[in-house]
Amino acid sequence: MKPVIDKFINYLRYERNSSPATIEDYYGDLKLFQEFLTPPGEKTLPIGQVDHRVVREFVAWLYDRKLQKPTIARKLAALRTFFKFCVREQYVKQNPARLVSTPKLPRRIPRIQTAEEINTFLDGLPGGANAAKPKLPQKSKRTVEKSFGKSDKRTEKLVPRRDRAIFELLYASGLRVSELVGLSLGDMDKTGQMLRVLGKGRKERVVPYGAKAQTAFDEYWPIRQEILEAAAKPEVEAVFVNWRGRRLTDRSVRYIVTKYCKLAKVDWNLHPHSLRHAFATHLLNDGADLRAIQELLGHVSLSTTQRYTQASIQQLMAVYDKTHPHA
């Protein structure tokens, strides 16, 4: 089974142009399936002998391991894609995972922060309109903004001007976190305030960013230059770099967002994708066309974009229930 999994991973990497995170998830899911197919002291069940009953037993095994329904649904989706590939390569005659039902998931509409909440939060960040200028430490003779709040060697140190640019860009352009950290200088049109973004499936799109993001970038560039000049092996093309001069990772950006929420003492479950949700929902609330939002977000299907209308309607109903006397 391992050679088939390896061939499938190469298919994801070179033919489907899947993101590294997607490839990692698929590989982990298939290794777990291989573990299930290999009882202690026995050989792995041949892939040609896997039918829908085996896949159903795998799902039950996952439930026994106390995995949540969304996680199980994702692993089942990975198996469907894997066996579809196996049918194409003639390892099996049919896709056994297609005959197994996906666990029914609760429809959760995320809580989207209002435009006023987002604006207040962003203005309160270091360097924002409503924030006092933070006292930043110096290292040797350099003025690199190295930290804000507590950090340690296991986490990304906060650099206020860089982090403000991250927040402003996530909200201004609705980027996925992987798209944000993948930005290089050649992807930016600073004059036209446009970005060339490489999205899912290696598909390119062009998105604008606004004046506030441009102002945040103008404040970030000198700090970035200082960091790169002090770094041993800088990644000079990366737009967002850590204090060692290396390109930021998805995990680092998630940490940064969480950290600033704690520093601002806001009771939000905010993460980078929350700002993407807010970007789309606020555009929709202000009358933007759904097709235009689809293009900006890089969604292949309009039905994916339409989920934001549910969040918008949910918020509208909440306001109605709270304020109308006959609600």
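The values are calculated or read from the model by the stated rules, or taken from the named source; none is laboratory data. Being a predicted model, the structure only gives us computed values, none of them experimental. Quick reminder, even Gly has a Cβ in these numbers, built from the backbone with ideal geometry, and neighbours come from all protein chains shown.
Looking at the range 37-59, is at least one residue within 30 Å of Ala280 (Cβ to Cβ) and either of a type in the set (D, E, K, R) or not assigned by TED's automatic domain parsing to the domain that holds Leu169 (or both)?
First pass over the range 37-59, keeping only residues within 30 Å of Ala280 (Cβ to Cβ): none.
No, that holds for no residue.
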The lone condition Ser178 fails out of (1) under 29 Å from Arg16 (Cβ atoms); (2) of a type outside the set (Lys, Arg); (3) without any contact (Cβ under 8 Å) to a residue 24 or more places away in the chain is (3)
Whether any residue in the range 210-228 is farther than 19 Å from Glu179 by Cβ, of a type in the set (Phe, Trp, Tyr), touching a Gly at 6+ places or on another chain (Cβ under 9 Å) and in the same structural domain as Leu170 (by TED's automatic domain parsing) is what I want to check.
no
Residue satisfying all of: in the range 7-27; modelled with pLDDT of 90 or more, touching a helix residue (DSSP H, G or I) at 6+ places or on another chain (Cβ under 9 Å) and not basic (Lys, Arg); farthest from Leu76 (Cα to Cα) among these
Tyr11
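Could you grab me the full set of residues in the range 73-121 that are within 30 Å of Cys261 (Cα to Cα) and either in contact with a Cys (Cβ under 7 Å, 6 or more places away or on another chain) or of a type outside the set (D, E, K, R) (or both)?
Step one: filter the range 73-121 for residues within 30 Å of Cys261 (Cα to Cα), giving 74, 105-121.
Residues satisfying the conditions are Leu105, Pro106, Ile109, Pro110, Ile112, Gln113, Thr114, Ala115, Ile118, Asn119, Thr120, Phe121.
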Flagged in the range 156-212 as more than 18 Å from the chain's Cα centre (by Cα) and among the polar types (S, T, N, Q), in numbering order, are Thr191, Gln193
Across the range 10-45, which residue is farthest from the chain's Cα centre (by Cα) among those that are over 13 Å from Cys86 (Cβ atoms) and of a type in the set (A, V, I, L, M, F, W, C)?
Leu45
Got a number for residues in the range 183-218 being closer than 21 Å to Arg246 by Cα and either in contact with a Pro (Cβ under 9 Å, 6 or more places away or on another chain) or aromatic (Phe, Trp, Tyr) (or both)?
2
Looking at the range 17-47, which of its residues are assigned to a helix (DSSP H, G or I) and among the aliphatic types (A, V, I, L, M)?
Ala21, Ile23, Leu30, Leu32, Ile47
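Find the residue count for the range 48-71, including only residues that are among the charged types (D, E, K, R), part of a loop (DSSP other than H, G, I, E, B) and at negative phi. So that I can check it myself, show each step before the final result.
First, the residues of the range 48-71 that are among the charged types (D, E, K, R): 51, 53, 56-57, 64-66, 69.
Those left that are additionally part of a loop (DSSP other than H, G, I, E, B): 51, 65-66.
So of that shortlist, the ones also at negative phi come out as 51, 65.
Residues flagged as among the charged types (D, E, K, R), part of a loop (DSSP other than H, G, I, E, B) and at negative phi within the range 48-71 amount to 2.
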Can we say Ser173 is touching a strand residue (DSSP E or B) at 6+ places or on another chain (Cβ under 8 Å), more than 23 Å from Tyr14 (Cα to Cα) and polar (S, T, N, Q)?
yes
Just need a number here: residues in the range 215-227 that are surrounded by fewer than 17 Cβ atoms within 10 Å (Cβ to Cβ) and within 27 Å of the chain's Cα centre (by Cα).
5
Flagged pairs (Cβ under 6 angstrom, 6 or more apart or on separate chains; first in the range 187-203, within 24 Å of Tyr220 (Cα to Cα); second of a type outside the set (Gly, Ala, Ser) and part of a loop (DSSP other than H, G, I, E, B)) are Gln193/Tyr209
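Would you check which residues across the range 83-116 are within 23 Å of the chain's Cα centre (by Cα) and modelled with pLDDT of 90 or more and list them? Steps first, please.
Within the range 83-116, the subset within 23 Å of the chain's Cα centre (by Cα) is 105-115.
Those that are within 23 Å of the chain's Cα centre (by Cα) and modelled with pLDDT of 90 or more: none in the range 83-116.
If only one of Val206, Val253 is touching a residue at least 40 places away in the same chain (Cβ under 8 Å) and surrounded by 13 or more Cβ atoms within 10 Å (Cβ to Cβ), which one is it?
Details: Val206 fails: touching a residue at least 40 places away in the same chain (Cβ under 8 Å).
Step by step, each of Val206, Val253 is checked, and only Val253 is touching a residue at least 40 places away in the same chain (Cβ under 8 Å) and surrounded by 13 or more Cβ atoms within 10 Å (Cβ to Cβ).
Among the residues of the range 72-95, which ones are in a helix (DSSP H, G or I) and in contact with a Phe, Trp or Tyr (Cβ under 6 Å, 6 or more places away or on another chain)? Spell out the reasoning first.
Within the range 72-95, the subset in a helix (DSSP H, G or I) is 72-88.
Of everything in the range 72-95, those that are in a helix (DSSP H, G or I) and in contact with a Phe, Trp or Tyr (Cβ under 6 Å, 6 or more places away or on another chain) turn out to be Ala78, Phe82, Phe85.
Let's see how each residue does on (1) without any contact (Cβ under 8 Å) to a residue 40 or more places away in the chain; (2) within 21 Å of Asp25 (Cβ to Cβ); (3) out of contact with any helix residue (DSSP H, G or I) (no Cβ under 8 Å at 6 or more places or on another chain); (4) of a type in the set (Lys, Arg):
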site: Ile72; (1), (2), (3), (4): yes, yes, no, no
site: Leu76; (1), (2), (3), (4): yes, yes, no, no
site: Thr81; (1), (2), (3), (4): no, yes, no, no
site: Arg88; (1), (2), (3), (4): yes, yes, yes, yes
site: Ala97; (1), (2), (3), (4): no, yes, no, no
site: Gln113; (1), (2), (3), (4): no, no, no, no
If a residue counts only when it is modelled with pLDDT under 90, which helices (runs of 4 or more DSSP H) contained entirely in the range 200-293 have at least 2 such residues?
250-264, 272-285
